[in-house]
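Below is one structure, written out as structure tokens, with a few remarks after it.
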Amino acid sequence: MINFKKHKEFRKRLKSAIKKGTLGLIDIGSSKIVCIIIKFSKIDNNSKKLDQINETSSIAYRVVGAATKKSIGIKKGEIIVAEEVEKTIRLVVQQSQKMAASIIDEVVVTFSGGSPISKNLYQDIRLENQSVSSNDISILLSKYAFQAHSEQREILHAMPINFSLDKKTGLTDPRGLIGQLLGLDINLITVQKNIIENIDQCLRNCQLNLAGIFYSPYISAKSSLVEDELKLGATCVDMGFGTTGISIFYNHQMVFASNIRFGGANITSDIMQAFQISFNEAERIKTLHGGLIITNLDDNELIELSFADENKAYYNYERPFISRSELISVIRPRFEEILEEIQFSLEKTGLEHLSSKRIVFTGGGSQMPGLYELASEYFGSRVRIGRPMRVQGLPQALQGSQFSAIIGLAIEINNLQDEVWDFDIPNSLGPGQKIKSAVNWFKDNW
Amino acid sequence: MKQTKSYPRPSKIRYRLERVWLRLWLRKLILYLSLILVFSTFCLLIFVYSNDWIRLKEYKNFFNNYIFERPELSVSKLEIKTTNLDLINQINAILKLSFPINSIMLDINHIQKIINQIDSVESSNVRINDSGVLLVEVIERKPVAVYRENDDLALIDLKGYKINNIFSRNDRKDLPLIVGTGGNYQVKEALEIYQLLSIYLNEIRGLIRIGERRWDIIFKNNKRIKLSEKYPKRSLRNFLSSDKSYLISSNDFVIIDLRFTNKIILRKLTEDIIKP
């Protein structure tokens, strides 16, 4: 049985950071790296309450520092130049520390790279018509083949999503109920090996401790989906710069997550190639004049192209202007492709009966005008353009939907989801191990 | 990558230094250390120069010259605004000031207190005016009566304060005489009784307070009028305005007793009484 040593270490750091009061959150995205610092205020002096952070206890928190910078060395969510990423993290952390006037040691990261795979596992055990105890759950968890999954790849999330007892299903806490067959669904998200190690190394070079790593489609759904959507089931589409993340929620649990390796960067490079302009200029006209629905007026609206380097070969002397309809006709096919990909991957999940409820678009790409109309054609009228919730103290500039991941991280930290490593190990310990555990207990508490 | 143009970002050393500098305890430590350093150097300097006391004295003289002995602050003379020469001499003798003097050294409240302690002064006002003169304005007590107690004759004012002693009654014949314990506390009443008897003023020797409760009027021919305890003025006024007022000038009676409201008791001095 894999013992999730690394993940337990992360949890310990996170709890100690919350106890200390300050925690840094970093979103390592393809277009930008965002860092916010949140400060927790103690509601209760009773320190027992802080230990029980996994149970639905919420602590008052407030954003005290925030900084965002364009990322260098990240392509499609993957770190390709570690040193550049390190430098950018250093800058972002430095600026937000200056704003907060305090330093951070523990950092929680959200990340969309590593070609994650979401898998649902099911295991069950027989009980002898007795009430379910936490020990039974531990034994059940020990039966999962985590070892096999963690050999080729690395486990990022392992969330228990659904308990079932005999023919009852949809239980959140089966302890105390009497039954014969206890089953548990686990949503396992694995990423490529050494992804966590790489990020940890980057942060260690910045004198920061990694206190947890979260998958960004899951996190941005937490900030964009409202309570009813989480309960009844909804799909959140996080349209990022490098990748587009999909996460399906049902009954407050994420049942599926996926990544499409298309994003805003593809649209920008399409524009760059179509009009022979620089990448930054293409990005500029995409964000300022981009759209998805052509109207008659758009033929007359001319967009002036400015060239950063006038002597370059791709300078087009004859056409310094393009019309907006031309721009839209470049953007729209790529967007349609992305939507088709989303549709395809949703079909592939086999969760249509869950995900048919609602589709919420968030992330920077969702700000494209006309997305609602276009997406409605694909998915029917169940589409909503989501904006992230409010977090206390967050600057106005960071409240757009492109920051839904980092805001979701702040919300998630406040109310942590139980993962497999939060449960106890089965205590079938021999006499020698008992002494060892006692020594460990002393070590932990003093 | 084409799109990722680099921009300035902090180096590792600078990042670490800033993180160190953001630690609050370190800032406090540096602050306290610098304070201690400044203080200790100050102490050290004093210690080094403390053997050279003469130099310190020079400094002290210099500061004295510089701060205290300025013409703006010096007081040149004392001016006492009163006509009583004795009082002027008395105040001069008490204060013992030698001019010029520094106004910072003068405690005006203390001077006023001292002057107010003089018997003949009712109140005073002490200040230093613009031209460097210490002004003392004195309101004297006015003697209104002569008070005899245990063979001492003293002048008293309306409130009964003793102003000063006199040697003989003849010195202040113009003032009425009050005798008896507690008489000095009822000076106002005594004066009002005198006023009622203004016709007989030359014949009166004085008023006696008896038992600290009532007045007796003594005439020169040893005649005596006993006034009532509660309403001495009213009984006297009634008596004077009545047809029996001639009794004062007659020599037949020694004591006229007005102590009772509805009757006058007369006492005759006869041979029988003197010689039993």
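Derivation of every value follows stated rules applied to the coordinates shown; laboratory data play no part. All values derive from a computational prediction rather than experimental measurement. For neighbour counting, all protein chains shown are included, and Cβ atoms are generated from backbone atoms with ideal geometry for every residue, glycine included.
Cα gyration tensor of the range B:192-261, axes a ≥ b ≥ c as square roots of the eigenvalues: rounded (a/c below 1.5), prolate (a/b > b/c) or oblate?
Taking the square roots of the gyration eigenvalues as a ≥ b ≥ c, the range B:192-261 is rounded.
Can you compute the equivalent ellipsoid semi-axes for the range A:100-152, i.e. the square root of 5 times each eigenvalue of the Cα gyration tensor, sorted largest first and rounded to whole Å?
Over the Cα atoms of the range A:100-152, the semi-axes work out to 36, 20, 9 Å.
Identify the chymotrypsin sites (Phe, Trp or Tyr not before Pro) of the range A:234-313 meeting these criteria: DSSP loop state and at most 10 other C-beta atoms within 10 Å of the C-beta.
Answer in residue order: no site qualifies.
Which order do A:HIS289, A:HIS157, A:HIS252 fall in if you start with the one that has the fewest other Cβ atoms within 10 Å?
A:HIS252, A:HIS289, A:HIS157
What spacing in nm lies between the two simple spin-label points modelled at B:ASN238 and B:ASN102, each 7 Å away from Cα in the Cβ direction?
7.2 nm
At most 14 other C-beta atoms within 10 Å and a DSSP loop state: those are the exposed GluC sites (Glu not before Pro) I care about. Give me the longest piece of chain B that has none.
It works out to B:73-211.
Quick one: which residues, 5 or more positions from A:VAL108 or on another chain, have an amide H under 5 Å from its amide H? H modelled 1.01 Å from N in the peptide plane, none for Pro or chain starts.
Under 5 Å from the amide H of A:VAL108: A:GLY24, A:LEU25, A:ILE26, A:ALA211.
Kirkwood Rh over alpha-carbon pairs of the protein assembly as shown, then Stokes-Einstein at 20 °C and 1.002 mPa s: what D in µm² s⁻¹, rounded to an integer?
Result for D is 59 µm²/s.
So which trypsin sites (Lys or Arg not before Pro) in the range A:318-407 end up in coil per DSSP with only 13 or fewer other C-beta atoms within 10 Å?
A:ARG390
For the pairs B:LYS162/B:LYS230; A:LYS76/B:LYS12; A:LYS5/A:LYS348; B:LYS173/B:LYS263; A:LYS5/A:LYS69; A:LYS8/A:LYS348, flag any whose C-alpha to C-alpha distance is greater than 28 Å.
A:LYS5/A:LYS348; B:LYS173/B:LYS263; A:LYS5/A:LYS69; A:LYS8/A:LYS348
In peptide B:18-25, how many Cβ atoms from other protein chains are near each Cβ within 10 Å, on average?
4
Going by alpha carbons, how many degrees (0 to 90, nearest 10) lie between the helix axis of A:195-205 and the longest principal axis of chain A?
Between helix and principal axis, roughly 80 degrees.
So what's the back-of-envelope 222 nm ellipticity for the protein assembly as shown, counting only DSSP H runs of four-plus at -39500 (n - 2.57) apiece and dividing by all residues, rounded to 500?
Computed mean residue ellipticity for the protein assembly as shown: -11000 deg cm²/dmol.
What Kirkwood hydrodynamic radius, in Å, does chain B give when the mean of 1/r is taken over all pairs of distinct Cα atoms and then inverted?
About 27.0 Å, per the Kirkwood formula over Cα pairs.
Under a cut-off of 13 Å between alpha-carbon atoms, report the aspartates and glutamates in cross-link reach of A:LYS167, not counting same-chain residues fewer than 8 places apart.
Correct list for A:LYS167: A:ASP124.
Counting only other chains, and only Cβ atoms inside 10 Å, what mean value do you get across the residues of A:82-90?
For this peptide, the per-residue mean of nearby foreign Cβ atoms is 3.
Report the relative contact order of chain A, percent, no decimals, based on alpha-carbon pairs under 8 angstrom and at least 6 residues apart.
Result for chain A is 18 percent.
Over the range A:218-260, what relative contact order in percent results from Cα pairs under 8 Å that are six or more residues apart?
Dividing the mean separation by the residue count of the range A:218-260 yields 33 percent.
What residues have an amide H closer than 5 Å to that of B:GLY180, excluding those fewer than 5 places away on the same chain, when H is modeled at 1.01 Å from N in the peptide plane?
B:ARG148, B:ARG209
When Cβ neighbours within 10 Å are restricted to other protein chains, what is their mean count per residue of peptide A:71-80?
Partner Cβ neighbours, averaged per residue: 2.
Rg and Dmax of the range B:162-219, Cα atoms, in Å?
11.3, 29
Report relative contact order for chain B in percent, whole number only (criteria: Cα-Cα under 8 Å, sequence separation at least 6).
8 percent
Could you work out the pair-distance distribution P(r) of the range B:106-187 from its alpha-carbon pairs, with 5 angstrom bin width and percents rounded to whole numbers?
Each 5 Å bin holds this share of Cα pairs: 3, 15, 21, 17, 13, 10, 9, 7, 4, 1, 0.
What is the spin-label model distance, in nm, from A:LEU232 to A:GLU304 if the labels are put 7 Å beyond Cα along the C-beta direction?
4.9 nm
With springs only between Cα atoms under 10 Å, which of A:ILE196, A:ILE178, A:ILE219 fluctuates most in a Gaussian network model of chain A?
Largest GNM mean-square fluctuation: A:ILE178.
May I ask for the distance between the Cα centers of the range A:263-285 and the range A:368-416, given as a whole number of Å?
When both Cα centres are located, 24 Å separates them.
Can you compute the charge dipole magnitude of the protein assembly as shown about its Cα centre, using +1 on each Lys and Arg Cβ and -1 on each Asp and Glu Cβ, nothing else charged? Give it in debye, rounded to the nearest 20.
With Lys and Arg at +1 and Asp and Glu at -1, about 3080 debye.
Between beta-carbons, use under 15 Å as the cut-off and find the net charge around A:VAL391, counting Lys and Arg +1, Asp and Glu -1.
Counting the neighbours of A:VAL391, the net charge comes to +3.
Do any trypsin sites (Lys or Arg not before Pro) in the range B:54-143 lie in a DSSP loop with no more than 13 other beta carbon atoms within 10 Å, and if so, which?
In loop regions of the range B:54-143 (DSSP not H, G, I, E or B), the sparsely surrounded trypsin sites (Lys or Arg not before Pro) are B:LYS96.
For the Cα atoms of chain B, what angle does the longest principal axis make with the long axis of helix B:232-241, in degrees from 0 to 90, nearest 10?
40 degrees
Pull up the cross-link candidates among the aspartates and glutamates for A:LYS6, meaning alpha carbon to alpha carbon under 17 Å and not fewer than 8 places away within one chain.
Here the aspartates and glutamates satisfying the reach criterion relative to A:LYS6 are A:GLU106, A:GLU151, A:GLU154, A:GLU197, A:ASP200, A:ASP418, A:GLU419, A:ASP422, A:ASP424, A:ASP444.
Can you tell me the orientation of helix A:82-100 relative to chain A, as the angle in degrees between its alpha-carbon axis and the longest Cα principal axis, to the nearest 10?
Taking Cα atoms only, the helix is inclined about 80 degrees.
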